[in-house]
Amino acid sequence: MIIKRFNTLVFSILFLFISITIDAQKTSSLENHDLERQNLERFDTDGDTQLSQEEIDLMFEVITIEVFTGQTLSQEELRDIGHTHVRRGRIGPNRPQQKLTRKFDADKNGFLDSTERQAALKEVQQDDRVRGPKRRRPRRENFQSSTPGLKVSPEDVKGYPTSSLYDPAVLRTIFIEFDTENWENEMAKLKNTDVEMPATVIVDGRKYPMVGIKFRGQSSFGHVPAQSKRSLNLSMDFIHHDQRLYGYKTVNLLNCNGDASFLSSILYSHLAADYLPVPKANMVKVVINNESWGLYCNVQQYNKDFLKDFYGTTSGARWKVPGSPEADGGLRYIGEEIGKYRQRFEIKSKENEDAWKALINLCKVLNQTPADELPGSIESILNVDGVLRFLAIDIAVANSDGYWARASDYSIYLDDFGVFHIFPHDMNEAFRHSRRPRGRWPNNIGQTVDENSNKQRIIEGKRTIDTDLLSGNFFERDRPSRGRPRHGGPTLDPLLGLDNERMPLRSKLLSVPEYRADYLRYLRTIAEVSMDRENLAPVIEHYRNLMINEVKIDTKKLLSYDDFVQATSEPEDDRTSQTGSLNHFIDTRREFLLNHKEVKNFDVIDMRQKIVPKKFTRINNPQITVSISEFLASNNLINRNSSGQFADWIELFNYGSKDIDLSGMYLTNDPDKMCKWQIPSRTSIRSGGYLLIWADKNKNGEGLHTNFKLSKNGGSIILTSDNYVVDEISFGPQQPDVSSGRISSPEGQIKKLRPTPNAPNQLRY
């Protein structure tokens, strides 16, 4: 049957192309009386002579398939997809899971033991028989065959008890011990329920009892065969609510499906962390029931821990825009009914009607305010600068699974002041060459209709499908594709689809001239600075060296060792570039952006604009050889002040040949208050020496303590003498326990460092 040729991946990509005009399809369908009657006859499954929201959703899922196959589904096939539709709960991302825990928890201890799980499994299997058989998911041809992994015990591995959970310099091992050898089969059958498998987790020699574990993800689960590596979610607080793994209650372990380098999420996080809050990421090894399951990418969960890391609070409302193509999460205004937004946005915090109303208001203001009036209306409720940075980063790395491509897979935060913030969520499909999706395509898709237009259309009767994403450079055409579009690639145009009303963060915001200019400046800066070989190549090389031996012996990896080697190698020849070398992609993408006709017209800027009052001028005095060498603006684990607190600090360095007296100089974090904290008299730094100053407002502690603190969200540090600026640093959001500073020259570029207070600086990688 036709339906059986559509796996979840194909449907997701197909939906990208038609999602732009579902509303237009709905409208045009209702305008045609005959078509309305036909649709009612086909999709009125409950016989009440009207189409419910679920039946409408089913109708347009079927229309999607029929448009792109050119064939009409039979009644049998409709029943098949209807069962799947109900089973998947396509009424929105906030659909409830099948609740089984409370029902089968006979001893009321909060979890299901082995016996209780067997009773729950019987109900799941019975439900599947009632709903009909599941569609078989094809196994991808290029998957590595999974074989049993090496036997490993906690005594066999090195521990890193003093390193943070996301320390990029270490490759720690996470041991998981289930109470059954049949854990994979049970977890797979219970995936869409509220049941978590209890397990003991051992990390760095310490045991963590009663950790709840589930498979996570959709494509990362459904497109991976059994006995192969699937993504995992660990709830450290499953039973013991105060239990944390190095300060975190949730651990996300991603299988890096389709990513031979394992590094897409890590590189995205590394690049974006200079400009906005972004999930932290590193690599870990996983051992389950003493069998090695190889390498996983450890990516920070978007939860209260994330808010505490980057915003210093756990309050506010949180949403995730899920990866389902039906999410339609571009922030369109679709009326005042909250239920419509619940179908598109998954709230992750406590249900709050006021928060939903605020989200609806954001959509209304964003979509309905004229461009010339938008700045005055939107800036009080949306962190516009943060959004522009987010859009610039997402397009710079050619993320094929984010807002720009699908209006999904990103996060929304409403703070206590009523301001919305936008940042990445899924980062695992960036830095990739284009791919041709599976499935059948009509002959006219991918053909040029108008060489001078950014848009082409497919017209079928009264239904018009807007396919602006099919034109221009959105789909790379540098390799044979037999007339079929390719998704993403290094030539993805950063100004594509700006009239796409389903994605107003770009169509509406970038219609404002000053916002568009800021976006292009940010894009130029990211391409010039952050995507430079000097920044990203060392990260790739570091992880390649850290992982290469583990990749070789990883029997569960989804792609081959040769794939990994080529993906992380230098682009030495055409063969390497065709197999997806990260360095080749980054070089090609950077060159394309820097030569883009509009991007190249803007200068590289400090993405935190420096403001120096007019009475202060930059000094050029060889006698004052002091620089701000290093600072730590988010100190959780590194070093303590005299009061025993993990406080932030600033390090000054004398790079001259003579001792320097700092008496009377000032430090400040506010460009409008250049004399905020005066360095005490008789304070000096010897030649080649360092001075550590605590930025903690501690009036009584030993040592030097400023009357201001540093912000983990970004800010400035300025050193002044008389009416001169001796040195200054502007910085963006900071990662916990990662310092920033200069390596060599006092005027050198600010880099991420491993914290070394009162000692020479060391690169983080």
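Here are the numbers for this structure:
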item	result
Rounded if a/c under 1.5, otherwise prolate or oblate - region 617-763, Cα gyration tensor axes	rounded
Neighbour cut-off at most 14 other Cβ (10 Å), DSSP loop, chymotrypsin sites (Phe, Trp or Tyr not before Pro), region 152-218	none
Of the GluC sites (Glu not before Pro) in region 161-206, those whose Cβ has at most 14 other Cβ within 10 Å and which sit in DSSP loop	181
For region 544-560, 3J(HN,Hα) per residue [Karplus equation, 6.51 cos²θ - 1.76 cosθ + 1.60, θ = phi - 60°, Hz, x = Gly/Pro]	4, 5, 5, 9, 4, 5, 6, 4, 4, 9, 6, 7, 9, 4, 7, 10, 7
Spherically averaged projected area of region 517-557 from its Cα convex hull (nm²)	4.0 nm²
Loop GluC sites (Glu not before Pro), region 666-765, which have at most 10 other Cβ atoms in a 10 Å radius of their Cβ (DSSP)	702, 747
Mean separation of Cα contacts under 8 Å, 6 or more apart, over the residue count of region 617-763: relative contact order %	27 percent
Residue-wise HN-Hα coupling along region 251-261, computed from phi with Karplus coefficients 6.51, -1.76, 1.60 (Hz; x: Gly, Pro)	10, 9, 10, 9, 7, 6, 4, x, 10, 5, 7
Formal net charge of residues neighbouring residue 387 (Cβ-Cβ distance under 12 Å; K, R +1; D, E -1)	-1
Positive minus negative residues near residue 646 (Lys, Arg vs Asp, Glu; Cβ under 11 Å)	-2
Hz values of 3J(HN,Hα) by residue in region 177-191 - Karplus curve (6.51, -1.76, 1.60), Gly and Pro given as x	10, 8, 8, 8, 7, 8, 4, 5, 5, 5, 5, 5, 5, 9, 4
Whole-number Å³ per residue for the convex hull built on Cα positions in region 157-283	137 Å³
Cβ-derived FRET efficiency at R0 60 Å, residue 517 paired with residue 126, nearest 0.05	0.50
Environment charge of residue 113, counting only residues whose C-beta is closer than 11 Å and scoring Lys/Arg +1, Asp/Glu -1	-3
Interchain or long-range residues, amide H under 5 Å from residue 739's placed H	753
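No lab work stands behind these numbers, since they all come straight from the coordinates. This one's a predicted model, so the numbers in the text were calculated from it and none came from an experiment. FYI the Cβ positions are ideal-geometry reconstructions off the backbone, even for glycines, and counts take in every protein chain you see.
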